[in-house]
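The structure appears below as structure tokens.
The values are calculated or read from the model by the stated rules, or taken from the named source; none is laboratory data. Being a predicted model, the structure only gives us computed values, none of them experimental. Here the Cβ positions follow ideal geometry from the backbone for every residue, glycine too, while neighbour counts run over all protein chains shown.
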Amino acid sequence: MAASAQDELYAETAQTYGAAIERLARAYEADADLRRDLVQDIHVALWRSFAAFEGRCSLRTWLYRIAHNVGASHVLRQRRIRDQELVGLEELENLPDANGLQAADRSHALDRLLGLIQRLKPMDRHVILSYLEGLDAALIGEITGLSAANVATKVHRIKNMLARQFQLGGSAS
Amino acid sequence: MNQLENPVQKLWQDQPVKEIKMPIEEIRRRAGRFERKIRWRNIREYVASLIAVGLFVYFLATSHDLLSRVTFALFIAAMLWIVVALHRKGSAKKLPEGADTLTSLRFYRAELERQREVVGNVWWWYLAPLVPGFVVYTIGYAVKFPRPAAWLGLALMDVIVAGMFYVIWRMNLRAARCLDKMITELNGAE
């Protein structure tokens, strides 16, 4: 791919999904300094990846794949330094109810949500982040490589867990 | 993007974020730095091996007795064996760009398994090939200097070399156990 086309694709994606990249980075790194490095790593990986982009999937799918892979590799690298055990959705689903964090507690709710996400193993973290970003099941399957049935099971678990842990003025379907 | 069905999705998407803007020049600079780092690491490994082989070739060419020549020839063969083994087993693969999560997690696991095999078998591909050279060197030296004092010095050197081999082997076994733990964690990551 020509360098100018690579630059243009990167600029378009960074412009459209810059905020999503920041949100994903928050889910992969709690420390502000390390998170800034992670965001920059995602941008560099994204730019480099466009040299190999052949348009076989949408820019959005491509972006989420790259960003999640950089995030997962960051988590695995940090895992060697920090001795924090990662858990699956099943474990979070079995957490005791939080007695409904109300709308007034939104900032606490966000912190709590981030805390839960940051404990998850890479694949489950990808799925919950994709769900929170509002991606549909088909797109989640395309990004993660999971089957439709697997995605449906995981999304069901996520909804259950969120319903039990958060009550923010709406019903989790 | 589909319509938000869950208030937690709104909470997530409405969170305040401070976007980092990176100019293309800065991204190119960082990407270039990353690629140079990888290239130099590879060059460094091969240059170090070539220097070691070059030194042994020099010693081989300038030595006069048969046992010394055999010793250096064995060390050269061992170094070449190690370089080839390192190239075949130790070269890091590259994750295909845009791979889905499942593929990337399987890739990371395969990479960890490859690294575990390298450090777990360090005796066979790194240490054992050096042993014949040391054995012939010991015999040659003992034959050349048949004095108890020389033999004592020789025995001390052999003990130090054996100690270094043991430390390298133990360190690699510990690294293999650490990799095993990470592989076990990744097994459940899908």
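Some observations on this one:
- For the range B:58-88, the tally of residues that are β-branched (Val, Ile, Thr) and more than 24 Å from the chain's Cα centre (by Cα) stands at 3.
- Checking A:Phe53 against (1) touching a residue at least 60 places away in the same chain (Cβ under 8 Å); (2) at the interface with another protein chain (Cβ under 8 Å from one of its Cβ atoms), the condition it does not meet: (1)
- Filter pass, A:Arg36 being assigned to a loop (DSSP other than H, G, I, E, B), surrounded by fewer than 16 Cβ atoms within 10 Å (Cβ to Cβ) and among the charged types (D, E, K, R): no
- Filtered residues of the range A:60-83 (kept if more than 26 Å from A:Thr153 (Cα to Cα) and either of a type in the set (A, V, I, L, M) or more than 10 Å from chain B (Cβ to nearest Cβ) (or both)): A:His74, A:Arg77, A:Gln78, A:Ile81, A:Arg82, A:Asp83
- Only a single criterion out of (1) modelled with pLDDT of 90 or more; (2) surrounded by fewer than 18 Cβ atoms within 10 Å (Cβ to Cβ); (3) not in a helix (DSSP H, G or I) is not satisfied by A:Leu135, namely (2).
- Only residues that are closer than 30 Å to B:Ala77 by Cα and either within 11 Å of another protein chain (Cβ to nearest Cβ) or crowded, with 17+ Cβ neighbours inside 10 Å (or both) were counted across the range B:95-119, and they come to 6.
- Scanning the range A:39-50 for residues that are at the interface with another protein chain (Cβ under 8 Å from one of its Cβ atoms), buried (at least 19 other Cβ atoms within 10 Å of the Cβ) and not β-branched (Val, Ile, Thr) yields A:His43, A:Trp47, A:Arg48, A:Ser49.
- Every pair of residues 6+ apart whose Cβ atoms lie under 6 Å, when the first sits in the range B:6-29 and is within 30 Å of A:Arg112 (Cβ to Cβ) and at the interface with another protein chain (Cβ under 7 Å from one of its Cβ atoms) while the second is among the hydroxyl-bearing types (Ser, Thr, Tyr) and buried (at least 16 other Cβ atoms within 10 Å of the Cβ): none
- Taken over the range A:105-158, the criterion of being touching a residue at least 12 places away in the same chain (Cβ under 8 Å) and either at positive phi or among the β-branched types (Val, Ile, Thr) (or both) is satisfied by A:Ile117, A:Val127, A:Ile128, A:Ile140, A:Ile143, A:Thr144, A:Val151, A:Val155, A:Ile158.
- Boolean, A:Ala11 is surrounded by fewer than 21 Cβ atoms within 10 Å (Cβ to Cβ) and assigned to a helix (DSSP H, G or I): yes
- Qualifying residue in the range B:163-175 (condition: out of contact with any Asp or Glu (no Cβ under 7 Å at 6 or more places or on another chain) and within 14 Å of chain A (Cβ to nearest Cβ)): yes
- At least 3 residues being under 30 Å from A:Tyr131 (Cα atoms) and touching a strand residue (DSSP E or B) at 6+ places or on another chain (Cβ under 8 Å) is the threshold, and among the helices (runs of 4 or more DSSP H) wholly inside the range B:1-96 those reaching it are B:7-13.
- Among (1) closer than 18 Å to A:Glu29 by Cβ; (2) at pLDDT 80 or above; (3) touching a strand residue (DSSP E or B) at 6+ places or on another chain (Cβ under 7 Å) - the single one A:Ser73 does not satisfy: (3)
- Among the residues of the range B:121-138, at least one is surrounded by 15 or more Cβ atoms within 10 Å (Cβ to Cβ), within 21 Å of the chain's Cα centre (by Cα) and either polar (S, T, N, Q) or more than 27 Å from B:Leu86 (Cα to Cα) (or both).
- Any chance A:Ala20 is modelled with pLDDT of 90 or more and either over 27 Å from B:Lys10 (Cβ atoms) or surrounded by 15 or more Cβ atoms within 10 Å (Cβ to Cβ) (or both): yes
- Within the range B:113-161, considering residues that are without any contact (Cβ under 8 Å) to a residue 60 or more places away in the chain and acidic (Asp, Glu), the one farthest from B:Asn172 (Cα to Cα): B:Asp158
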